Amino acid sequence: NTYYEKAYNMITAPDARKAFDIAAENDKTRERYGYTSLGQCALLARRLVEAGSRFVGVDNGSWDTHFAQFPSLKEDLIPSADRAFSALVTDLDERGLLESTLVIMMGEMGRTPQINTRAGRDHWSMTQTILWAGGGVKQGQVIGATDNRCAYPTTEPYGVEDVICTIFHQLGIDTGKTYYTPLGRPVPIVNGGRVIPGLV
């Protein structure tokens with residue numbers, strides 16, 4: 001009950017109510033992010049960062065394009081993602097918040113280089129693209145490369161542990177630390193991994 005009460009008090013506090021009042025933004029700013037679910041959620045993320053939130057997650061489904069992917073990507077997914085991400089990064093930068101805010105756009109996996117028989121792409125764990133901005137990340141560079149089909153890495157690959165290790169490093173969290181459960185089971189913050197060279 002204590003945790004439910006703390007959570008309730010946090011989201012009903014005046015500062016939180018103000019941050020969630022997206023209608024307080026002017027039409028020009030809302031249009032800049034796009035009147036899509038993703039666009040308005042990205043704008044809300046910026047408002048939460050301004051209000052002091054330490055971690056904000058923006059989820060955008062429908063990227064599981066196993067069939068008929070081309071109309072969906074062209075008309076909905078790519079334009080709204082491009083607009084929302086660029087607006088968020090630019091807006092944070094203009095407000096002096098980008099350097100202290102790490103922005104990452106990624107999925108849970110890549111997509112197959114081969115189009116399947118249903119005009120879609122399936123799950124692929126060999127490669128994927130992750131966009132990083134702000135939070136001490138070096139700008140204007142590409143790290144890593146793949147073959148011409150984006151099927152396999154042609155440079156040193158980086159895994160999930162490396163991504164997590166880099167994020168925690170930028171947050172000032174000691175990634176070498178291990179916690180122990182009440183029964184003594186070790187739970188490392190990151191199970192291996194390293195800061196991605198050249199990214200920060």
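The values are calculated or read from the model by the stated rules, or taken from the named source; none is laboratory data. What you are looking at is a predicted structure, and each value in this text was computed from that prediction instead of being measured. Cβ sites come from the backbone with ideal geometry, for glycine too, and all protein chains shown count toward neighbours. Protein only, heavy atoms only, side chains kept; ligands, DNA and RNA dropped before computing areas. Shrake-Rupley method; radii C 1.70, N 1.55, O 1.52, S 1.80 Å.
So here's what we get for this one:
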| read-out | value |
| --- | --- |
| Inter-residue pairs, beta-carbon under 9 Å, first within 19 Å of VAL89 (Cα to Cα) and touching a residue at least 60 places away in the same chain (Cβ under 8 Å) and in the stretch 10-35, second open to solvent by less than 40 Å² (accessible area, probe 1.4 Å) and among the acidic types (Asp, Glu), 6+ apart | THR29/ASP91 |
| Failed criterion for HIS123 (all others in (1) modelled with pLDDT under 95; (2) surrounded by fewer than 13 Cβ atoms within 10 Å (Cβ to Cβ); (3) not small (Gly, Ala, Ser) hold) | (1) |
| Residue that is nearest to ALA133 (Cα to Cα), among those in the stretch 155-191 that are of a type in the set (Ser, Thr, Tyr) and not in a loop (DSSP other than H, G, I, E, B) | THR166 |
| Within the stretch 93-114, tally of residues that are closer than 23 Å to GLN40 by Cβ and part of a strand (DSSP E or B) | 3 |
| Filtered residue count, the stretch 93-114, keeping only those that are open to solvent by 70 Å² or more (accessible area, probe 1.4 Å), more than 21 Å from GLY136 (Cα to Cα) and more than 19 Å from the chain's Cα centre (by Cα) | 1 |
| So THR117, is it touching a helix residue (DSSP H, G or I) at 6+ places or on another chain (Cβ under 7 Å), modelled with pLDDT of 95 or more and in a loop (DSSP other than H, G, I, E, B) | no |
| Test: residue in the stretch 136-144 that is closer than 28 Å to ALA87 by Cβ, touching an Asp or Glu at 6+ places or on another chain (Cβ under 8 Å) and not in a helix (DSSP H, G or I) | yes |
| Positions within the stretch 145-154 being in contact with a strand residue (DSSP E or B) (Cβ under 7 Å, 6 or more places away or on another chain), assigned to a loop (DSSP other than H, G, I, E, B) and in contact (Cβ under 8 Å) with a residue 12 or more places away in the chain, in sequence order | TYR152 |
| Total residues in the stretch 39-72, condition more than 16 Å from the chain's Cα centre (by Cα), under 17 Å from ALA23 (Cα atoms) and small (Gly, Ala, Ser) | 1 |
